[in-house]
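Trainee: Just dropping this structure here.
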Amino acid sequence: MSHPNALLTPKGRLLLARCVVDDGWPLRRAAERFQVSVTTASRWASRYREHGSDGMVDASSRPHHCPRRTPVRRERRIIAMRVNRRWGPARIGYYLGIHPSTVHRVLARYGLARLSWLDRATGTVVRRYEHSAPGDLIHMDVKKLGRIPDGGGHRVVGRAAGRRNKAGTKANRRPGYHFIHNTIDDHSRLAYSEILTDEKKDTIVAFWNRAVTWYESQGITVKRVLTDNGNGYRSHAFKAALGDTIKHKRTRPYRPQTNGKVERFNRTLLDEWAYAEPYRSEADRVAAFGDWLHHYNHHRGHTSLKGQPPASRVTNLSGQYT
């Protein structure tokens, strides 16, 4: 869109048209004065006679009719499938025999929200939020992760070899699980995690105390924590650990989306650390965790932070440039 005060845009066109219509200038004289062609001067003078000053703005370039536009009945089918089944353009297009780009244009034309913005269970738009300062809210969760038997699991060496490794020694027969306790700051996405052996209330309380101490060492004062409804989080011991200064909020049952930031961190943790390398033992994977967590906090670009790492939102964070 042109600037409103530029020559021969709405303001200049109005001056030209008034010279011709109101002051009686010849078209050629007006065209020379405003350095345009006679045809252009005639066009704006005609628009002024017909519509007045409102006719000086740019008209829409949209055609009056579009014979090749998708029929309204088909558009309604596209919208109904999106609303009722929550399918994307590709799947709707294949089902209806329409090119996915056409489906995408129809969805955009009617302003339907992207699937990534919707709650898949209910179809309602997910309300996203971000607190204004570090420490205003800490998300907390536990991720249960199966241990890797010595020699490698089935993800690396295949089902047959992984089964042999698991059954080879007494220690491998029941490798068990690790419980990764995670906290993530809502504003900065700064994470503190530990790999522990269980998720009992005493373990959770001890982890929380270490997490709060770590956040304080980074200049972050924790004011509120958000957890799910696990037994450890509902215990009196955890309530006592929070004290009177830290408020505790719990998600609604069966609504992990409410704690979505730490749930997304869990997924990133699995993709970029737990299953990112062909680890031959659980010890190798555990040894790599510290470096990965440092990379996540200090160097890995975060999409919600416009490509900056979480450390960029925390002032004077120790170890930021190492």
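The values are calculated or read from the model by the stated rules, or taken from the named source; none is laboratory data. Fair warning: this is a prediction, and the values are worked out from it, not measured in the lab. With ideal geometry, Cβ positions are generated from the backbone for all residues, glycine too; neighbour counts draw on all protein chains shown.
Trainee: Within the stretch 117-149, which residues are in contact (Cβ under 8 Å) with a residue 60 or more places away in the chain and either basic (Lys, Arg) or on the phi > 0 side of the Ramachandran plot (or both)?
Mentor: If the condition is that a residue be in contact (Cβ under 8 Å) with a residue 60 or more places away in the chain and either basic (Lys, Arg) or on the phi > 0 side of the Ramachandran plot (or both), then 135, 143, 147 are the ones that fit.
Trainee: Can you give me the number of residues within the stretch 45-96 that are free of Cβ contacts under 8 Å to residues at least 24 places away in the same chain, in a helix (DSSP H, G or I), out of contact with any Phe, Trp or Tyr (no Cβ under 9 Å at 6 or more places or on another chain) and among the hydroxyl-bearing types (Ser, Thr, Tyr)?
Mentor: 2
Trainee: Does residue 68 satisfy the criteria of being in the same structural domain as residue 116 (by TED's automatic domain parsing) and in contact with a strand residue (DSSP E or B) (Cβ under 9 Å, 6 or more places away or on another chain)?
Mentor: On the way: in the same structural domain as residue 116 (by TED's automatic domain parsing): yes; in contact with a strand residue (DSSP E or B) (Cβ under 9 Å, 6 or more places away or on another chain): no.
No.
Trainee: Could you list, in sequence order, the residues of the stretch 59-83 that are of a type outside the set (D, E, K, R) and surrounded by fewer than 10 Cβ atoms within 10 Å (Cβ to Cβ)? Walk me through it before giving the result.
Mentor: We begin by selecting, within the stretch 59-83, every residue of a type outside the set (D, E, K, R); these are 59-61, 63-67, 70-72, 78-81, 83.
Scanning the stretch 59-83 gives 59, 60, 61, 63, 64, 65, 66, 67, 71, 72.
Trainee: Look at residue 36 and say whether it is assigned by TED's automatic domain parsing to the domain that holds residue 121 and among the hydrophobic types (A, V, I, L, M, F, W, C). Outline the logic, then answer.
Mentor: Numbers: assigned by TED's automatic domain parsing to the domain that holds residue 121: no; among the hydrophobic types (A, V, I, L, M, F, W, C): yes.
Against the criterion (assigned by TED's automatic domain parsing to the domain that holds residue 121 and among the hydrophobic types (A, V, I, L, M, F, W, C)), residue 36 does not qualify.
Trainee: Right, something else. Can you find even one residue in the stretch 18-36 that is basic (Lys, Arg), within 30 Å of residue 118 (Cβ to Cβ) and surrounded by fewer than 13 Cβ atoms within 10 Å (Cβ to Cβ)? Please lay out each step first, then the result.
Mentor: We begin by selecting, within the stretch 18-36, every residue basic (Lys, Arg); these are 18, 28-29, 33.
From the residues that got through so far, the ones that are within 30 Å of residue 118 (Cβ to Cβ) too are none.
No, that holds for no residue.
Trainee: Go through (1) modelled with pLDDT of 90 or more; (2) surrounded by 15 or more Cβ atoms within 10 Å (Cβ to Cβ) one by one and return the number of the condition residue 12 breaks.
Mentor: Exception for residue 12: condition (1).
Trainee: Among the residues of the stretch 222-236, is there at least one that is assigned to a helix (DSSP H, G or I) and modelled with pLDDT of 95 or more?
Mentor: Here is the first cut: in the stretch 222-236, the residues assigned to a helix (DSSP H, G or I) are 236.
When the remaining residues are screened for being modelled with pLDDT of 95 or more, the result is 236.
Looking for residues that are assigned to a helix (DSSP H, G or I) and modelled with pLDDT of 95 or more, one finds at least one in the stretch 222-236, hence yes.
Trainee: For the subset of the stretch 106-126 comprising residues that are of a type outside the set (Val, Ile, Thr) and surrounded by 15 or more Cβ atoms within 10 Å (Cβ to Cβ), which member is farthest from the chain's Cα centre (by Cα)? Break it down stepwise before answering.
Mentor: At the first step, the residues of the stretch 106-126 found to be of a type outside the set (Val, Ile, Thr) are 107-121, 123.
Imposing the further condition that a residue be surrounded by 15 or more Cβ atoms within 10 Å (Cβ to Cβ) reduces the set to 107, 112, 118.
On the way: 107: 20, 112: 17, 118: 12 Å.
Top of the filtered list is 107.
Trainee: Going through the stretch 242-298 one residue at a time, which ones are over 19 Å from residue 229 (Cα atoms), out of contact with any helix residue (DSSP H, G or I) (no Cβ under 6 Å at 6 or more places or on another chain), outside any helix (DSSP H, G or I) and in contact (Cβ under 8 Å) with a residue 24 or more places away in the chain? Step through it out loud before you land on a result.
Mentor: Taking the stretch 242-298 first, the residues over 19 Å from residue 229 (Cα atoms) are 244-245, 267-298.
Checking the rest, the ones that are also out of contact with any helix residue (DSSP H, G or I) (no Cβ under 6 Å at 6 or more places or on another chain) come to 244-245, 267-272, 274-277, 280-291, 293-296.
Retained after the next criterion (residues that are outside any helix (DSSP H, G or I)): 244-245, 275-277, 280-281.
If the condition is that a residue be over 19 Å from residue 229 (Cα atoms), out of contact with any helix residue (DSSP H, G or I) (no Cβ under 6 Å at 6 or more places or on another chain), outside any helix (DSSP H, G or I) and in contact (Cβ under 8 Å) with a residue 24 or more places away in the chain, then 275, 280, 281 are the ones that fit.
Trainee: I'd like to verify a number: residues in the stretch 97-129 that are of a type outside the set (A, V, I, L, M, F, W, C) and in a helix (DSSP H, G or I), how many?
Mentor: Keep residues of the stretch 97-129 that are of a type outside the set (A, V, I, L, M, F, W, C), which gives 97, 99-102, 104-105, 109-111, 114, 116, 119-120, 122-124, 127-129.
Of the ones still in play, those that are also in a helix (DSSP H, G or I) are 100-102, 104-105, 109, 116.
Total meeting the criteria: 7.
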